[in-house]
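J.: Please see the structure below; I have some questions.
The values are calculated or read from the model by the stated rules, or taken from the named source; none is laboratory data. In this text, all values refer to a predicted model and were calculated from it rather than measured experimentally. Neighbour counts are summed over all protein chains in view; Cβ atoms, including those assigned to glycine, are modelled from backbone coordinates with ideal geometry. These accessible areas exclude ligands, DNA and RNA; they are computed on the full protein's heavy atoms, side chains included. Shrake-Rupley method; radii C 1.70, N 1.55, O 1.52, S 1.80 Å.
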Amino acid sequence: MTPEELRALLTPEGLRLLDEVGPIAADADVVRTVSRLRAAGHSPELVAAVLTQARLRTRARARFHEFADRMLFTPDGLEQATRLQVAAQHAGRYARAGVASVADLGCGIGADSLAFASLGLRVIAVERDEATAAIAAYNLAPFPGARVVQGDALADEPADVDALWFDPARRGGGRRHSDPADWSPPLDAVFARAATKPTGVKLGPGLDHELIPEGVEAQWVSVDREVVELVVWSGALAREGVGRSALLLGANGAHELTAPAPAPDAEAGELGTHLVEPDGAVIRARLIGDLARSLGGRMLDPTIAWITTDAAPETAFGQTFRVREELPFDERKLKQALRARGIGTLEIKKRGVDVDPASFRTRLALRGDESATLVLTRIAGKRTAILVERTQ
């Protein structure tokens, strides 16, 4: 968003027009709305700003629900913004630790600051980009205890706060930066600050474990089975005796698996009566072995994240399946076997084998009224196909 577009939007006329336009999802809606607004005499800058925000608000509903309808966004800011239910978890940890004030350094559009402020914490949100800082200030306007400062996350860190929160910008110019040294601020500098005060650092879930400092808590978070972030907690925000954790959020509430450190893998063994596919947060946190042992299970292969058990498992930390039968990993024989069983709808899950599920399913030329799930993986290094049905 250009400064001209932002100035046009942040006027009574611009904000009123944005509310009147409402959600826009389809390209046809955009064309019609542009024509209508230009015919009504609105400037090109205002029309562009309103249309951009209307589309962003529509996209943002997946993360912010009805709150998206009173917020403003940037494309990069929305892409990296913390989901509402996850931000609430962050804020709750600060409140439970007795933190009264927090500096949100690199606040983006202010998603986490909103959660902090809603729990009564005093918030100083620092954002380098002028337009993004203005948008954060708009989003935080309902909270008198929140203040936005345009400045550098490291150079302008306020001294009079109890704790810090960092969400280093990993996107810029519409692209993702893979090197932590290119993030804003750089990861090394963030971790150096995290050693001075209780700090939470939000990162991508695929961060190399070697980059995680000693003596912190690393928590991977998934929402509805999608791993959305890694947070590194330090100081009073890190729980005693917890070095690794996997937090799962979904329709059934919150469930967490914790350990002092990455867990050693469980022993590998023969295929049992059931399979468990651990949640991605459990896999990222390297707690598969602890989950397997808690279920009385074992690994299918030492290098693959499938757990097998000899009894029906009950767990919130993965999807469970009943094994119907093991089939040969041979395309022609699989095609014959599936046709003989009348399976016309097939979910394919693969791990540890080089197969494209979509093209593989097409080549199987399925026919029939039955449905099933096919697991393509390895047992003791040997490729295999396992026909299963979901139990959870």
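J.: Relative to the longest principal axis of the chain, what angle (0 to 90°, nearest 10) does the C-alpha long axis of helix 12-21 take?
T.: 30
J.: Within segment 283-339, report the GluC sites (Glu not before Pro) that DSSP leaves as loop and that have at most 14 other Cβ atoms within 10 Å. Mind dumping the intermediate values first?
T.: Working: sites: E314, E325, E326, E331; in loops: E314.
Hits after loop and neighbour filter: E314.
J.: So who's got an amide H within less than 5 Å of the one on V149, skipping anything under 5 residues away but keeping other chains? H placed 1.01 Å off N, in plane.
T.: A125, V126, E127
J.: Around D279, which amide H atoms from residues at least 5 apart in sequence, or from another chain, sit under 5 Å from its own amide H, with H modelled in the peptide plane?
T.: G318, Q319
J.: What GluC sites (Glu not before Pro) does segment 217-291 have in DSSP loop regions with at most 15 other beta carbons within 10 Å? Mind showing how you got there, number by number?
T.: Values: sites: E217, E226, E229, E240, E256, E267, E270; in loops: E240, E267, E270.
For GluC sites (Glu not before Pro) across segment 217-291 that sit outside H, G, I, E and B with at most 15 neighbouring Cβ atoms in 10 Å, the list reads E240, E267, E270.
J.: Can you give the % of DSSP beta bridges in segment 258-392 that are antiparallel, to the nearest 5?
T.: 75
J.: Let me ask something else about it. Looking at segment 315-350, which trypsin sites (Lys or Arg not before Pro) are DSSP coil and have at most 15 other C-beta atoms within 10 Å of their C-beta?
T.: R341
J.: State, to one decimal in nm, how far the label point of T345 lies from the label point of V34, with both points 7 Å from Cα in the Cβ direction.
T.: 4.0
J.: State the antiparallel share, in %, of DSSP beta bridges confined to segment 107-239, rounding to the nearest 5.
T.: If we restrict to bridges inside segment 107-239, about 65 percent are antiparallel.
J.: Rg/Rh for segment 261-343: what does it come to with C-alpha atoms and Rh from Kirkwood? Show your work: numbers first, answer last.
T.: Working: Rg = 14.4 Å, Rh = 13.7 Å.
Here the Rg-to-Rh quotient is 1.05.
J.: Whole-Hz Karplus ³J(HN,Hα) for segment 281-296, in order, using 6.51 cos²θ - 1.76 cosθ + 1.60 and θ = phi - 60°, x for Gly and Pro?
T.: So the Karplus estimates, Gly and Pro as x, are 5, 5, 5, 4, 6, 6, 10, 4, x, 5, 5, 4, 5, 5, 9, x Hz.
J.: Return the distance in nm (one decimal) between the two label points of a simple spin-label model at E240 and E20, each offset 7 Å from Cα along Cα→Cβ.
T.: Once both label points are built, they end up 6.1 nm from each other.
J.: Relative contact order for the chain: what is it in percent, counting Cα pairs under 8 Å that are at least 6 residues apart?
T.: Dividing the mean separation by the residue count of the chain yields 8 percent.
J.: Moving on. Mind listing the phi-derived Karplus ³J(HN,Hα) values for segment 376-382, rounded to whole Hz, using 6.51, -1.76 and 1.60 with θ = phi - 60°, and x for any glycine or proline?
T.: 9, 7, 10, 10, 6, x, 9
J.: Quick one: check the C-alpha center-to-center distance for segment 211-225 versus segment 310-369, whole angstrom.
T.: So the two Cα centres are separated by 32 Å.
J.: While we're here: Amide H to amide H, which residues 5 or more places from V228 or on other chains are under 5 Å from it, using H placed in the peptide plane?
T.: Those lying under 5 Å, H to H, from V228 are V221, S222, V223.
J.: Something else about it: Could you report the chain's accessible area per residue, 1.4 Å probe, as an integer in Å²?
T.: 46
J.: Can you give the log10 of the normalised intensity I(q)/I(0) at q = 0.15, 0.24 Å⁻¹, computed with Debye over equal Cα scatterers of segment 143-242?
T.: Here log10 of I(q) over I(0) equals -0.68, -1.41.
J.: Taking Cα atoms, how many degrees apart are the long axis of helix 84-96 and the longest axis of the chain, rounded to 10 and kept between 0 and 90?
T.: 80
J.: For the chain, with only Lys/Arg (+1) and Asp/Glu (-1) charged at the beta-carbon, what is the dipole magnitude about the Cα centre, in debye rounded to 20?
T.: 1260
J.: Another question about this same structure. With θ taken as phi - 60° and the coefficients 6.51, -1.76 and 1.60, list the Karplus ³J(HN,Hα) couplings across segment 60-71 in order, rounded to whole Hz; mark glycine and proline as x.
T.: My calculation for segment 60-71 gives 6, 4, 5, 9, 10, 6, 5, 5, 4, 6, 10, 10 Hz in order.
J.: Based only on Cα atoms, what Rg/Rh ratio does the chain have, Rh being taken as Kirkwood's radius?
T.: Dividing the radius of gyration by the Kirkwood radius yields 1.05.
J.: Right, here's the next one. With equal scatterers on the alpha carbons only and no solvent term, can you work out the Debye log10 of I(q)/I(0) for segment 37-86 at 0.19, 0.20, 0.25, 0.26 1/Å?
T.: -0.62, -0.67, -0.88, -0.92
J.: Provide the percentage of antiparallel DSSP beta bridges, counting only those with both residues in the chain; round to the nearest 5.
T.: DSSP beta bridges in the chain are roughly 60 percent antiparallel.
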